[in-house]
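Working notes, structure below.
The values are calculated or read from the model by the stated rules, or taken from the named source; none is laboratory data. Keep in mind that this is a model prediction, so the values were computed, not measured. With ideal geometry, Cβ positions are generated from the backbone for all residues, glycine too; neighbour counts draw on all protein chains shown.
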Amino acid sequence: MNFDYSEEQTLIKDSVAKYLQNNYDFDTRKKIAASELGYSNEHWQQFAELGWLAIPFAEHLGGFGGNAIDDAIVMEELGKGLALEPYLACVIMFGGLLANGPDASRHEQDIAAIIDGSLQGAVAFTETQSRYELADVKTTASLSNGQYILNGEKVVVANGQAADKLIISARTAGEQSDTTGITLFYVDANAAGVSKTDYPMMDGHRVANITLTDVAVDSENIVGEVHHGYDNLARAIDRAIIATAAEALGIMEKLLHTTVAYTQTRKQFGVAIGSFQALQHRMVDMFINVEQTRSLLLRSACSNVAAHQASDPNTCEELLKQSKQDTLALKVMVAQVGKLVGDEALQMHGGIGMTDELDVGHYVKRLLRINTMFGDEDYSMQAFAKGSLG
Amino acid sequence: MDITFSDSDQAFRTEVRQFFAESYTDDLKQRLGSSATFSEAIIDWQKVLYQQGWIAPDWPAEYGGTGWSSAKKFIYETERAQAGVPDVLPFGLKMVGPVIYNFGTDEQKTKFLPAILNSDHWWCQGYSEPGAGSDLASLSTRAERDGDHYVVNGAKVWTSYAQYADWIFCLVRTSSDGKPQQGISFLLIDMTLPGISINPIIGIDNRHTLNEVVFDNVRVPVDGLIGEENKGWTYAKSLLAHERNAIAGVGDIKNGLSAIHEHAEKTMSAGQPLTRDPAFRARFSQIQIDVMALEYSELRTVAKSISGQGPGPESSLLKIRGTELQQRVQELMLYVAGNFAGAQTSDSIGNDFADRARVEYMYGRAATVYGGSNEIQKNIIAKAILGLG
């Protein structure tokens, strides 16, 4: 038993960390956040050049065959650097749905285009009324002359503003909240009837609301199987939760270190404020909670990998159940610890922590945003309780 | 990264599980559960472990330990707790034993180690004093050399199970020169010596676990001194790191949670089982989530120790979070017990859950105090890990 990274994993980690340190300082980030795209295509091309966009894809699809642990390694460093590029939305979620379904071979070309940085994608699965419930889908897709006609609206779609291609969940059967009857459609973002309104979020990331008005989609442009998109989507979201947890962990570590360093230089009453026991114990609480989050992240990432490696279907199902619980637990903890670490970092920075000029507040806002993605603390806690208490 | 146990470790797990299933009998379980029979029953159980050769997982094989790998020790501990089996008394096996085999003379090893292993000697710990708690180095129990003896005067307090003990290991002051830590010696004292008296202290759990031990001109043979005079603080510190590691208690927390789950299913509230109640569900889930994380924090320490890195200041993290979670489990037990929570009986009303809840809750308050209070652990992390002066 060991929790050490392999040589290859260490190389990836160092590569991401070094690139961001050298090329992505806080001023650079501010400019990128203010741009129309919301991220930098130049950096994205560099990510492609450095091979990072290939990491999660299977080797026969031109990737490195990475798993949830590898996702986490990249995301933790992107978190520390507070990078705005859509690694999560485009590579892990959009790419993951294309590559991990039964029909991956049909998407070979598009996957290659993700890897070389020429294709942007987004997964559109939230609706105004759905809150965090994946199965609550009002967007309809009705069959007419061999084509599906999509109508509805998807909201807060990450990377929606930049996406060339969209994966959209729509109802092909069943009632509004049924898990069956949901189909994932593969739609060109420029298709007739697709309109986008994009806007910035508090963390500097841009998202879009996407309206679908009689959008015609050929029946072969389906990801996975008709009516059975829910499980695919849920699995992709589980992996995305682990990835965002890793990003959050990177942010928390950065905030902890920044705060410890600040309290050692900031003097009041003639001494560094870090010498006060009241503050020391609060920073220790931050540390303990961050370490606990790392432990749960390792647990979730490892159980996700184990579940997907199991060949026997019964074992696989059992492991998937375990992995689901681990992931929900992680989601709860990331929300709680994110809030704690963010608030404490601001408090211990005092007045300067309130300023837009300092990076601390921007890290905090990303943590708050992460809590609202894929289910917040309460939602995840209730789902977890259902898994353990029935 | 590899989180799997080897095949031989898996086989070991099966062996341990089978052993507990067969050897930890209902009779033992019942006698250990009652304070009237506890002291006898725990010795009976420890003798069973001794026969099996598993009494001292942490000891080196040359002194009668198992010689298990860190992975096997972890598995053993997990299975023990899973089976609801109480841990051994720590004072001889986990505290003074390691001090003796690390720092004692050959005569001391021969005299004491076998009797610790077969539980013939019951040990207690003489560290805290009325005036020395977290600031242990300020202790003032004096030992003055007089020929072949030390003459000991002073008082030790919060001494668990002193009423049953044959021996006590004590920190005593042998010098007032230099820093307080520099004048402390580690002394082994026979509890039957004249001049020792034991004053019982009844705890908030209504049980008699704690005592004050008073020394009035007690003449202790000098061969009870561990290592060198005035170096006792060093030996004591090595023991504290050991103690801290042992009290994360993940297995026991999980065992407590299963007991709560089982009882909550049978407990009705507003016409439905308590497990349907949203407030209960959130409380229960929160503890589960935190213990899932703690379990991996512990595994990370195990993995480090497999690769040869000893426990560092992160054992303070395990102590803090482990004891906090133990207390939250106890709190939830008391909550689930409801109206019965205060009942000071188990036999006559057939609700032994409530009695267990009350006793464990009250006694459990000590966990964040002993072994170096959690505030002291935070000071250690602040200094050793965060570099805050």
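Within the group B:Ala71, B:Ala61, B:Ala41, B:Ala56, which residue is more than 16 Å from the chain's Cα centre (by Cα) and in contact (Cβ under 8 Å) with a residue 40 or more places away in the chain?
Details: B:Ala61 fails: in contact (Cβ under 8 Å) with a residue 40 or more places away in the chain; B:Ala41 fails: in contact (Cβ under 8 Å) with a residue 40 or more places away in the chain; B:Ala56 fails: more than 16 Å from the chain's Cα centre (by Cα).
Only one candidate passes the filter, namely B:Ala71.
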Some residue of segment B:79-101 being in contact with a strand residue (DSSP E or B) (Cβ under 7 Å, 6 or more places away or on another chain) and among the small types (Gly, Ala, Ser): yes
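Conditions (1) surrounded by fewer than 17 Cβ atoms within 10 Å (Cβ to Cβ); (2) more than 14 Å from chain A (Cβ to nearest Cβ); (3) touching a Leu at 6+ places or on another chain (Cβ under 6 Å), marked per residue:
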residue	(1), (2), (3)
B:Gly350	yes, yes, no
B:Phe353	no, yes, no
B:Met362	yes, yes, no
B:Thr368	no, no, no
B:Asn379	no, no, no
Where a residue in segment A:200-211 is under 15 Å from A:Glu36 (Cβ atoms) and its partner, wherever it lies, is assigned to a loop (DSSP other than H, G, I, E, B) and of a type in the set (D, E, K, R), with Cβ under 9 Å and at least six apart: A:Arg206/A:Glu36
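Among the helices (runs of 4 or more DSSP H) contained in segment B:1-91, which hold 2 or more residues that are within 14 Å of chain A (Cβ to nearest Cβ) and closer than 23 Å to A:Met1 by Cα?
Numbers: elements: B:7-23, B:26-33, B:38-52, B:70-82.
Ranges flagged: B:7-23, B:70-82.
Results for (1) among the charged types (D, E, K, R); (2) buried (at least 21 other Cβ atoms within 10 Å of the Cβ), shown as yes or no for each residue.
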{"site": "A:Gly79", "(1), (2)": "no, yes"}
{"site": "A:Ala83", "(1), (2)": "no, yes"}
{"site": "A:Tyr87", "(1), (2)": "no, yes"}
{"site": "A:Asn100", "(1), (2)": "no, no"}
{"site": "A:Arg106", "(1), (2)": "yes, no"}
{"site": "A:Ala124", "(1), (2)": "no, yes"}
{"site": "A:Thr128", "(1), (2)": "no, no"}
{"site": "A:Ala135", "(1), (2)": "no, no"}
{"site": "A:Ala141", "(1), (2)": "no, yes"}
Lone unmet requirement of (1) in a helix (DSSP H, G or I); (2) more than 14 Å from chain B (Cβ to nearest Cβ) for A:Lys386: (2)
Residues satisfying the stated conditions in segment B:249-259, i.e. within 12 Å of another protein chain (Cβ to nearest Cβ) and crowded, with 22+ Cβ neighbours inside 10 Å: B:Val250
Residue in segment A:291-303 that is part of a helix (DSSP H, G or I), over 21 Å from the mean Cα position of the chain (by Cα) and not assigned by TED's automatic domain parsing to the domain that holds A:Asp25 present: no
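Is one or more of the residues making up segment A:239-262 among the small types (Gly, Ala, Ser) and farther than 18 Å from A:Lys80 by Cα? Break it down into steps so the answer makes sense when it comes.
Narrowing segment A:239-262 to residues among the small types (Gly, Ala, Ser): A:240, A:243, A:245-246, A:248, A:250, A:261.
Retained after the next criterion (residues that are farther than 18 Å from A:Lys80 by Cα): none.
Looking through segment A:239-262, none of the residues is among the small types (Gly, Ala, Ser) and farther than 18 Å from A:Lys80 by Cα.
Check every one of the helices (runs of 4 or more DSSP H) wholly within segment A:1-120 and list those with 1 or more residues that are touching a residue at least 12 places away in the same chain (Cβ under 8 Å) and within 14 Å of chain B (Cβ to nearest Cβ).
Values: elements: A:7-23, A:26-34, A:41-49, A:68-80, A:96-100, A:108-115.
In segment A:1-120, the matching helices (runs of 4 or more DSSP H) lie at A:7-23, A:68-80.
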Where a residue in segment A:291-314 is more than 9 Å from chain B (Cβ to nearest Cβ) and its partner, wherever it lies, is among the basic types (Lys, Arg), with Cβ under 7 Å and at least six apart: A:Asn304/A:Arg239
Positions within segment A:344-357 being crowded, with 17+ Cβ neighbours inside 10 Å and either part of a loop (DSSP other than H, G, I, E, B) or of a type in the set (A, V, I, L, M) (or both), in sequence order: A:Ala345, A:Leu346, A:Met348
Tally of residues being under 30 Å from B:Lys237 (Cβ atoms), more than 8 Å from chain A (Cβ to nearest Cβ) and in contact with a helix residue (DSSP H, G or I) (Cβ under 9 Å, 6 or more places away or on another chain) across segment B:260-308: 5
Residue count, segment B:98-155 (criterion: assigned to a loop (DSSP other than H, G, I, E, B), under 21 Å from B:Gly178 (Cβ atoms) and aromatic (Phe, Trp, Tyr)): 1
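Look at A:Arg171 and say whether it is at positive phi and either surrounded by fewer than 24 Cβ atoms within 10 Å (Cβ to Cβ) or modelled with pLDDT of 95 or more (or both). If you could, list the steps in order and put the result at the bottom.
Numbers: at positive phi: no; either surrounded by fewer than 24 Cβ atoms within 10 Å (Cβ to Cβ) or modelled with pLDDT of 95 or more (or both): yes.
Against the criterion (at positive phi and either surrounded by fewer than 24 Cβ atoms within 10 Å (Cβ to Cβ) or modelled with pLDDT of 95 or more (or both)), A:Arg171 does not qualify.
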Subset of segment B:52-81 that is out of contact with any Ser or Thr (no Cβ under 9 Å at 6 or more places or on another chain) and farther than 23 Å from B:Lys304 by Cβ - its residue that is surrounded by the most Cβ atoms within 10 Å (Cβ to Cβ): B:Gly64
Number of the condition not met by B:Ile289 [criteria: (1) under 19 Å from B:Ala366 (Cβ atoms); (2) at pLDDT 95 or above; (3) surrounded by 23 or more Cβ atoms within 10 Å (Cβ to Cβ)]: (1)
Selection status of A:Thr179, at negative phi, β-branched (Val, Ile, Thr), outside the structural domain of A:His362 (by TED's automatic domain parsing) and in contact with a helix residue (DSSP H, G or I) (Cβ under 7 Å, 6 or more places away or on another chain): yes
